[in-house]
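Presented below is the structure to which this report refers.
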Amino acid sequence: MRAYPIKAVFVVLFAFISHSMMAQEVIRQESCDISSMRNAIDSLKNIYSSQGFIVLREASMTMQSEYEMPIVVPMNQGSLYEFVFIGDPSSRLYEVRMYDDNEKQVIYKKNMWGDVDGNIISYAYIPQFSEYHMIKPVQVNKNKKKLCGYVLLLKKVK
């Protein structure tokens, strides 16, 4: 039986581990076509801007029906924030949950397709502590698996 030097065994083992780590699927956020939402986005930005809010973060995102899309944002104690989620107009259910740094749910909003607000969920929030919050929007669509969503995080400055 032939003995292999320890160094050679480690090199082969390291190469194998490196290759398997690179082969793992990485989840990346993909933007999507927001042309059908553009008017609503621009109108909401104008309304909130006139009320003294500034846009801190905004993004379009490809979502999968029935799966939450976690978003982590830092928030400062005592500041007034407004969060807006715009879902695909053809979805039948829209939900947003927000959790504080202790994973306690602090906001839950749900809209159905026929509701007055329809595919737009918005809420105001004043954090009790300066900490990260996780926001999880989800939408359900029977006919589409891949959906487009749009989020705005605004902060009152005036």
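For the pair Ser35 and Gln128, what calculated FRET efficiency results from E = 1/(1 + (r/R0)^6), where r is the Cβ-Cβ distance and R0 = 41 Å, to the nearest 0.05?
0.60
Give me the aspartates and glutamates in straight-line cross-link reach of Lys142: C-alpha distance below 15 Å, same-chain residues under 8 apart excluded.
Those aspartates and glutamates meeting the cut-off are Glu66, Asp88.
Would you mind checking Lys45/Lys158; Lys45/Lys156; Lys109/Lys156; Lys110/Lys136 for any pair whose Cα atoms are more than 18 angstrom apart?
Lys109/Lys156
Multiply the residue separation of Ser43 and Trp113 by 0.36 nm, subtract the distance between their alpha-carbon atoms, and state the gained length in nm to one decimal.
Fully extending the segment from Ser43 to Trp113 adds 23.2 nm.
Quick one: which residues, 5 or more positions from Asn141 or on another chain, have an amide H under 5 Å from its amide H? H modelled 1.01 Å from N in the peptide plane, none for Pro or chain starts.
Excluding prolines and chain starts, which carry no amide H, the hits are Glu66, Arg92.
Values in this text are rule-based calculations from the coordinates and carry no lab data. Source: prediction; values computed, not measured. Positions of Cβ are generated from backbone atoms using ideal geometry, with glycine treated the same way; all protein chains shown enter the neighbour counts.
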